[in-house]
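The values are calculated or read from the model by the stated rules, or taken from the named source; none is laboratory data. Quantities reported herein were computed from a predicted structural model and do not represent experimental measurements. Here the Cβ positions follow ideal geometry from the backbone for every residue, glycine too, while neighbour counts run over all protein chains shown. When the accessible area is computed, the model is the full protein with side chains, heavy atoms only, and any ligands, DNA or RNA have been set aside. Shrake-Rupley method; radii C 1.70, N 1.55, O 1.52, S 1.80 Å.
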Amino acid sequence: MNPYDHTKIEKKWQKVWESKKPNKVKEDKKKKKFYALIEFPYPSGAGLHVGHPRPYIGMDIIARKRRMEGYNVLYPIGWDAFGLPAENYAIKTGIHPAIITKQNSDTFRRQIKLIGISFDWSREINTTDPKYYKWTQWIFLQFLKKGLAYKKKMTINWCPKDLIGLANEEVVNGCCERCGTKVEKREKEQWMMAITKYAERLDKDLDDTEFLEKIKIQQRNWIGKSEGAEIDFELEGSKEKIKIFTTRPDTIYGVTYIVLSPEHPWVKNRTNDSEVNVYIAKIKEKTDIERTDAKSEKTGIELKGVWAINPATKEKIPVWIADYVLADYGTGAVMAVPAHDERDFDFAVKYGLPRKEVIIPRLIDHKNPHQPGKEVVYRHAIIAVVRNPKNNTYLCLKWKKQTWITFVIGGVENGEDPGAAAIREIREKTGYKNIKLVKMLGEAQSEFYAAHKGVNRIAHTYNILFDLIDEEKDVVASEEQEIHDLVWTPAASITKDNMIHNEMELILTRIKNDYAYTGEGILTRSGPFDRKESIDVKKEITESVGGKWVTKFKLRDWVFSRQRYWGEPIPVVHCEKCGIVPLPEKELPLKLPKVKNYAPSQTGESPLASIEKWVNTKCPNCKGKARRETDTMPNWAGSSWYYLRYTDPKNKKTFADKKNLEYWTPVDWYNGGMEHTTLHLLYSRFWHKFLFDLGLVPTSEPYKKRTSHGLILAEGGAKMSKSVGNVVNPDDVIKVVGADTLRVYEMFMGPFDQPIAWDTNNIAGSRRFIERIWKLQEKIGKVSVNNKIETTLHKTIKKVSEDIEEMRFNTAISSIMILLNEFDKEETISKEQYQIIIQLLAPFAPHVTEELWTVLQNKGSVHSAPWPQFDQNRLIENNVSISIQVNGKLRGNMTTPKDTPDKEVQKMALNMSEIKKWTDGKVIKNVIVIKNRIINIVIE
RNA sequence: GCCCGGGUGGUGGAACUGGUAUACACGCACGACUUAAAAUCGUGUCUCUUAUGGGAUGCGGGUUCGAUUCCCGCCCCGGGCACCA
């Protein structure tokens, strides 16, 4: 046996793969296909770091396993090469971005090949290749034709450092996603993509995918679907109406004012009020971060002399403008319900606007629930919380016949004011005469069984706080005295547990702080809807005020233009006569012209605008004077459809032949970073659906399954970055320990989907593992039948097979290690046994396993050998270890033949000396036997 | 604030459907081999305790014969969203 020489072995096989191209695939209808995809990288100047290959290796393992299972596997790679770093470099050095891109992708390719990823290199693509972006432009023209790409003057997010407009998705905390500079607002004509037209389907169709649940949730949150009502509010003395959107039409009887966003069109047309104008101007100056920071205090101004009519109550209510209402969501106007919405509540408190409670929580007493068959009695009641502010004590009633402690409680008589009722009850029950109403603590519907009356009670309770002015009191009637004693209780003892009321939480919180009750509940003060459940009446109440039930989305249309050089030129011209005219398809690709200066202009135009020769052209329509569009497409354009091009990367007639698309799509398994969930993943699903609607792709979803990987962090847990200087280069690792070790280590280091810090010390373990696999070849020899080792072998096949499917690569490797440990204990192992361990390891460590495969004098490649199958019968162990517990504590262990009858196992256990020690002299209450696992003896 | 994850030895992390917590690996200690070291191999390694035994899966409760796993209430860390009416 030669010593394990990773350099020699890896060079040898990489050379073979380079010439024989075993991973080059052709469409073959006789074979089942499998399309594995990873996110193609942006080839940066820094080259690959060890974090890059983690997803490639993970997917490579799956791809290799699929090949061994007989699938025709497409596992492609390419370069997402448009983007700012190459352009910024060009600005600095004057070197054309294409040259840098070429250099960088050459480096990436070389590095990836060193790792032995089984990509089909014959299908390599590059988004900056005119042969590729011809089709990106072509797809754009289809969007344009259908009116889904359009130009719009709008305020955009402008990065003053990069001199570039940003999509909402590219703004993080009000800062540029790339450089972190605070984003400004600018008015500009922009190309837009109407992704919102697809919002409903982008949300709904997630149901049919096998995306990880967290990915679906994140996409759904981003799309932000919500259902609600659009309701018109008439303006007094005017025919005009203000349309509002609300998800809580059930609270409409509680609307005490309405609010328009400062940008609301209705406001624009009638600003003769100078104060209002000043306010609006001030808001316009604010940046988006200041504007949308939920923590900042809300501001607003009343439109004096303007009144709206609450369509439910017909009451006159004021109209306000406020910055907390967003112009571009819903209708840009809201109905304010300060009693039941936190924002309205804050605003109402600040500006002294009234609140009206119309929803009360439904409190069901679970300890004392309604009894079936008993009469249900509904009544209004008060709970009077009387406080002595001098010593901070509360007046409680200690009931004599019941174990209750309550505040002063009592009924509200027909037509009686609850506050008056409370004062009356306090006098009758306690005698105190001089009390002061402090505040209402809110209302509730309390449902319980009133044992002393034998009825099921539904009480609408008014919780009211009073302060005691002085101790003066009347004599209390003797009947009342017999029912309860008065106890002044310190505040600390007034708790949820000490008091019987359902309403305690409400009372205790509201004594300290008022708040808006935003939950569902029972309607009150809502005319015909009183006593109904809020959740049931939303649609009915909407109809009653002439409103419409609608669906709204948070998702906004996609800002599609960039004022930069290094992107796909948008293939349209602006004609003096005809307006926007698309280039004829045969003129595609519209190539990027050569330019001297790559820097964008301060006016916000792309460097393309300065190339007169290129810009000035003829209208393809009327042949008159026209100017080319100088905006380019965003980075996300090329990556929105690249997976389609892989199916037919060289096609000159179409973006991909229908036959190829039909064979390969959808992508069976797409792995990528969580950071692309709301951007790339959503955009590409949108493009795909659009192409599907045109009949150009066969499926409505591009990806069947989507998983994600965790980032690899630098040693110590920080993000790897060139500027910090903590980047680990895979080339260096490979030189020392080899690609196979790197691969095994990256998969073994922790769960694939979680971020993890690089740890150079730990690599040694993976290297040792491969060396031991290598040395194991010396043990091949004649063996006698060993059932135990066969069982382990088949268990390992099962575990590795299943773990790979779940991307649990770390436990797959650990189970191979366990098998190796077993083999190592043996004098000899069989060639067949050795072969299986090699096959199981082949997807993880493709070079060394290929070498060992030939050492075993096998023909062909281990990577095309069939994936090992486990034998169900071999999984069964003859003997099982059963642990014995006494009262749940482990006290002993025994080995029995598998499936020994419970009674027998029980008898054996009870007879064991270490068990007897615990059970002697004790009564055995129960013995629980779980077959082949555990016995629990329960003693007194 | 809301929505997702997560919290287990000195470290990275295992644990089926509620059934022997700490697999596998790193590190460390000791031993073998060696003139010596490295490498390799072997043994040990949650913790307290002389021991019988006790205690440990972020904290506090609960359900259960039995809880890392289920339920309730908190704390901490990571990610996403954030005035979306």
Treat every Asp and Glu Cβ in chain A as -1 and every Lys and Arg Cβ as +1, leave all other atoms uncharged, and give the resulting dipole magnitude about the Cα centre to the nearest 20 debye.
3600 debye
Residue-normalised accessible area of chain A, given per residue in Å² at a 1.4 Å probe:
46 Å²
Amide H contacts of A:L441 (H built 1.01 Å from N, under 5 Å, at least 5 apart or other chain)
A:N463, A:I464, A:L465
Given Cβ charges of +1 for Lys and Arg and -1 for Asp and Glu, the option among A:I884, A:L691, A:T247 whose Cα lies farthest towards the positive end of the dipole of chain A is A:L691
Which ³J(HN,Hα) values, rounded to whole Hz and listed in residue order, are derived for segment A:42-53 from phi using the Karplus coefficients 6.51, -1.76 and 1.60 in 6.51 cos²θ - 1.76 cosθ + 1.60 with θ = phi - 60°, glycine and proline given as x?
8, x, 7, x, 6, x, 6, 10, 5, x, 3, x
Using +1 at the C-beta of Lys and Arg and -1 at the C-beta of Asp and Glu, which of A:A609, A:A194, A:Q872 has the Cα lying farthest in the positive direction of the dipole of chain A?
A:A609
By accessible area with a 1.4 Å probe, ligands and nucleic acids excluded, highest first: order of A:D106, A:D668, A:D250:
A:D106, A:D668, A:D250
Quote the FRET efficiency, to the nearest 0.05, computed for A:S238 versus A:E533 with a Förster distance R0 of 30 Å and r equal to the Cβ-Cβ distance.
0.25
If we count every other residue with Cβ under 9 angstrom of A:A339's Cβ, Lys/Arg +1 and Asp/Glu -1, where does the sum land?
-1
From highest to lowest solvent-accessible area (probe 1.4 Å; ligands, DNA and RNA excluded), A:M908, A:M747 read A:M908, A:M747
Suppose R0 equals 35 Å; then what is the FRET efficiency for A:I469 and A:H366 from their Cβ-Cβ distance, rounded to the nearest 0.05?
0.35
Please work out the Kirkwood hydrodynamic radius for segment A:314-408, using every pair of different C-alpha atoms, and report it in angstroms with one decimal place.
18.6 Å
Determine the percent antiparallel among the DSSP beta bridges restricted to chain A, to the nearest 5.
70 percent
Which residue, A:L681, A:T107, A:H794, has the largest displacement toward the positive end of the dipole of chain A when charges sit on each Cβ (Lys, Arg +1; Asp, Glu -1)?
A:T107
Which whole-angstrom value gives the distance between the alpha carbon centres of segment A:295-359 and segment A:539-604?
35 Å
Are any of the pairs A:K398/A:K429; A:K898/A:K922; A:K29/A:K652; A:K134/A:K650; A:K613/A:K652; A:K239/A:K552 more than 21 Å apart by Cα-Cα distance, and if so, which?
A:K898/A:K922; A:K29/A:K652; A:K613/A:K652; A:K239/A:K552
As an exercise, use a Förster radius of 30 Å and the Cβ-Cβ distance of A:E585 and A:K613 to find the FRET efficiency, rounded to the nearest 0.05.
0.80
Take every Cα-Cα pair in segment A:580-710 and report what % of them are more than 26 Å apart.
42 percent
Whole number please: convex hull volume per residue, Cα atoms of chain A, in Å³.
266 Å³
Consider all pairwise Cα distances in segment A:1-92 and report the whole-number % of them above 18 Å.
64 percent
Of the listed peptides A:410-422, A:21-33, A:729-741, what is their order by residue-averaged count of other C-beta atoms within 10 Å, with the highest listed first?
A:729-741, A:410-422, A:21-33
Quick one: compute the contact order of segment A:50-158, relative version, from alpha carbon pairs under 8 angstrom and 6+ residues apart, as a percent.
32 percent
Hey, rough spin-label estimate for A:E189 and A:K31, points 7 angstrom out along Cα→Cβ, what's it come to in nanometres?
5.2 nm
For segment A:310-359, run through the trypsin sites (Lys or Arg not before Pro) and keep only the ones in DSSP coil with at most 10 other Cβ atoms within 10 Å of their Cβ.
A:K314
List A:H340, A:H676, ordered by accessible area with a 1.4 Å probe, largest first
A:H676, A:H340
Leaving out ligands, DNA and RNA, what percent of the accessible area of chain A is carbon and sulfur, probe 1.4 Å?
50 percent
Of the listed pairs A:K185/A:K225; A:K225/A:K538; A:K243/A:K439; A:K390/A:K512, which have alpha-carbon separations greater than 23 Å here?
A:K185/A:K225; A:K243/A:K439
Using a cut-off of 15 Å between alpha-carbon atoms, which aspartates and glutamates can reach A:K92, once sequence neighbours fewer than 8 places away in the same chain are excluded?
A:D162
Subtract the Cα-Cα distance of A:M1 and A:T919 from 0.36 nm times their separation in residues, and report this length gain in nm to one decimal.
324.6 nm
Quick one: of the DSSP bridges fully inside segment A:345-449, what percent are antiparallel, nearest 5?
75 percent
Count charges around A:K532 for me, please; just the other residues with Cβ under 13 Å from its Cβ, Lys/Arg as +1, Asp/Glu as -1.
-1
Averaging the inverse of every distinct alpha carbon separation and then flipping it gives the Kirkwood radius. What is it for segment A:107-171, in angstrom units?
15.9 Å
Grab the Cα-Cα distance for A:N729 and A:A491, subtract it from 0.36 nm times how many residues apart they are, and report the gain in nm with one decimal.
79.2 nm
In sequence order, calculated HN-Hα J values of segment A:649-664 (Karplus, 6.51, -1.76, 1.60; Hz; x Gly/Pro)
x, 9, 4, 9, 8, 8, 5, 5, 5, 3, 5, 5, 4, 5, 6, 8
